[in-house]
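The values are calculated or read from the model by the stated rules, or taken from the named source; none is laboratory data. On a predicted model such as this, the values are computed, not experimentally measured, just so you know. Note that we place each Cβ from the backbone using ideal geometry, even for glycine, and neighbour counts take in every protein chain shown. In case anyone asks, the SASA skips ligands and DNA or RNA and just uses the protein heavy atoms, side chains included. Shrake-Rupley method; radii C 1.70, N 1.55, O 1.52, S 1.80 Å.
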Amino acid sequence: MGRIIRAQRKGKAGGVFKAHTHHRKGPARHRTLDFGERVGYLKGVVKEIIHDPGRGAPLARVHFRHTYKYQTKKELFIAAEGMYTGQFVYCGKRADLTVGNVLPLGVCPEGTIVCNIESKVGDRGSLARSSGNYGTIVAHNPDDNVTRVKLPSGTKKSIPSNARAMIGIVAGGGRIDKPILKAGRAHHKYKAKRNCWPKVRGVAMNPVDHPHGGGNHQHIGHASTTSRHDPAGKKVGLIAARRTGRLRGTKGIIVEVA
């Protein structure tokens, strides 16, 4: 039996692969869905725009009046491009279609650019959250109360029309246009995230450390595909691959009828 491989160590609790969360500002998400947002709107003000370590997109601290107590509710939103301190943002069904406002997908016209989209009603945002990302509203189906949204990956997803999204694209776009160029920059980038760099290739290891290790030349020596049901120490490479090799030929154009 060989050593416990890196993939197994990453799956265990604790260890050196934990995310570096000490300086992070908190979870960035929409307000908790309440009666005010479902039927009207609530007004908040952007107090500051801040950097969150390990995240490409800036965050916006937004203050709302509490709906029934004398206090301020402080929320942390993912900042949309064009947001500024002192800006009023409106959340709810009757809010205006303006960058930074949070509306249900069903009231946004087709072609609207949105970000931080809820995949289920009330989950407070789970899609198109990375810097420079956005989704596009493709079509509405009022009979089923479903909205079709094109996601950053290019796939189209049907989402409940009551699910909320922020208008605009996530700030911090163009981050990956600049080449990293040197190892030091990669070191500092991943230092803020977690221990996942540099990554030693399996073929560069010894047989005891990895199923691809060993041999007189750096080669795998067997098929890189592996079963879904393999033991954890063997599950490396192309896991449960439906197909392998190059994608040859062109994809046919699929015309969707909404």
Fill in the blank from the handout: If we keep only residues of segment 188-206 that are open to solvent by 90 Å² or more (accessible area, probe 1.4 Å) and of a type outside the set (S, T, N, Q), then the residue farthest from Gly237 (Cα to Cα) is His188
Practice task
Find the residue count for segment 166-216, including only residues that are assigned to a loop (DSSP other than H, G, I, E, B) and either in contact with a His (Cβ under 9 Å, 6 or more places away or on another chain) or hydroxyl-bearing (Ser, Thr, Tyr) (or both).
Solution key: 10
Exercise for the section: Using the structure shown, decide if Ile169 is open to solvent by less than 60 Å² (accessible area, probe 1.4 Å), touching a residue at least 60 places away in the same chain (Cβ under 8 Å) and of a type in the set (A, V, I, L, M, F, W, C). Expected result: yes
Exercise for the section: Return only the number of the condition from (1) free of Cβ contacts under 8 Å to residues at least 60 places away in the same chain; (2) under 20 Å from Ser126 (Cα atoms); (3) touching a strand residue (DSSP E or B) at 6+ places or on another chain (Cβ under 6 Å) that Ala57 does not satisfy. Expected result: (1)
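One line per residue, one yes/no per condition, for (1) out of contact with any Leu (no Cβ under 7 Å at 6 or more places or on another chain); (2) of a type in the set (Gly, Ala, Ser):
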{"site": "Gly11", "(1), (2)": "yes, yes"}
{"site": "Lys25", "(1), (2)": "no, no"}
{"site": "His30", "(1), (2)": "yes, no"}
{"site": "Lys47", "(1), (2)": "yes, no"}
{"site": "Arg55", "(1), (2)": "yes, no"}
{"site": "His63", "(1), (2)": "yes, no"}
Fill in the blank from the handout: Subset of segment 60-83, residues assigned to a loop (DSSP other than H, G, I, E, B), free of Cβ contacts under 8 Å to residues at least 40 places away in the same chain and either open to solvent by less than 10 Å² (accessible area, probe 1.4 Å) or touching a strand residue (DSSP E or B) at 6+ places or on another chain (Cβ under 7 Å) (or both), comes to His66
Exercise for the section: Quickly run through segment 17-46 and pick out the residues that are over 23 Å from the mean Cα position of the chain (by Cα) and outside any loop (DSSP other than H, G, I, E, B). Expected result: Phe35, Gly36, Glu37, Arg38, Val39, Leu42, Lys43, Gly44, Val45
Problem - Count of residues meeting criterion [of a type outside the set (Ser, Thr, Tyr), more than 18 Å from Gln8 (Cα to Cα) and either assigned to a strand (DSSP E or B) or open to solvent by 80 Å² or more (accessible area, probe 1.4 Å) (or both)] in segment 217-252 - result: 10
